[in-house]
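Below you'll find the structure, written out as structure tokens, and then a few comments.
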Amino acid sequence: MDFSSPSSSSNDAMMDQLKNQLAQAYAQEFFGTVREKCFAKCVTKPSSSLSGSESSCISKCVDRYIEATGIVSRALFNATK
């Protein structure tokens, strides 16, 4: 068996696995950043539960991060065309 030139299906499987790993790493990084930034912005006195205003602030903060990420992604995608 020749390992120096993997088959096309093997390459496709490796690329799919790599894409999945990168997507997972990106999602973890994104949500870690959002959690850190939104928590710091919205939670002034940590306790065992969130107040209504803290919960609303976090929800809006996360929505803004998701929207901004979408805008940046579309701009980068369109720039590469």
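Report, in degrees rounded to the nearest 10, the 0 to 90 angle that the Cα long axis of helix 8-42 makes with the longest principal axis of the chain. Helix 8-42 and the main axis of the chain meet at about 10 degrees.
Taking neighbour Cβ counts within 10 Å as the exposure measure, how do T80, T69, T44 sort from fewest upward? In increasing order of surrounding Cβ atoms, one gets T80, T44, T69.
For the chain, go through all pairs of different Cα atoms, get the mean of 1/r, take its inverse, and jot down that Kirkwood value in Å.
When all Cα pairs of the chain are included, the Kirkwood radius is 16.0 Å.
To the nearest ten degrees, helix 52-79 and the longest principal axis of the Cα atoms of the chain are 30 degrees apart.
Just so you know, all these numbers are worked out from the coordinates, no wet-lab data involved. Because the structure is predicted, anything quoted here is derived from the model rather than measured. A quick note on method: Cβ atoms are made from the backbone with ideal geometry, for glycine too, and the neighbour counts reach across all protein chains shown.
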